[in-house]
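Enquirer: Once you've had a glance at the structure underneath, I'll fire off some questions.
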Amino acid sequence: MVSPDPDSRTRAADILRARLEDRRVSRLNKALRVVSSYAIALVGVSATDELLPGMDLVVTRIDTGAEVLRVAAGQPQEADRMLQATRRDLDEMSVTQFVAAWRPADG
């Protein structure tokens, strides 16, 4: 991931943008999920959200498109709530504050 690196007083929304993307999964993982879904359907149990790949929240620099942050955002409804919270924080926080608040502890 790329560091945003702007002035600490700069409003995050002036430098960064947030969007949702489908979770990146390998073809094998995708195939296993499809097979699992069919197997579960055959035994009469409704498929659970854990079988769906979900969404990622992706924050990028506006000027270069470089990815600054990517985190698992869950299924569409949960992901949309996370996106709205992220956009609110981008609008209200400086870049330094935003990165400190949203950067994963291990990142």
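Enquirer: Figure the gain on full extension for residue 19 and residue 66 (residue separation times 0.36 nm, minus the Cα-Cα span) and round it to one decimal in nm.
Expert: Residue separation times 0.36 nm, minus the Cα-Cα distance, leaves 15.6 nm.
Enquirer: Taking 7 Å along the Cα-to-C-beta vector as the label spot, tell me the residue 92-residue 77 distance in nanometres, rounded to one decimal.
Expert: In this crude label model, residue 92 to residue 77 measures out at 2.4 nm.
Enquirer: Please find the FRET efficiency linking residue 85 to residue 105, where r is the Cβ-Cβ separation and R0 is fixed at 22 Å, and quote it to the nearest 0.05.
Expert: Result of the calculation: an efficiency of 0.75.
Enquirer: Just to check I understand the Karplus step: with θ = phi - 60° and J = 6.51 cos²θ - 1.76 cosθ + 1.60, what whole-Hz values come out for region 76-87, glycine and proline as x?
Expert: Once θ is set to phi - 60°, the couplings for region 76-87 become x, 5, 5, 5, 5, 4, 5, 4, 4, 5, 5, 5 Hz.
Readers should treat all values here as calculations from the given coordinates under stated rules, not as data from a laboratory. Only a predicted model underlies this, so the values are computations on that prediction, with no experimental measurement involved. We place every Cβ from the backbone using ideal geometry, glycine too, and count neighbours over all the protein chains shown.
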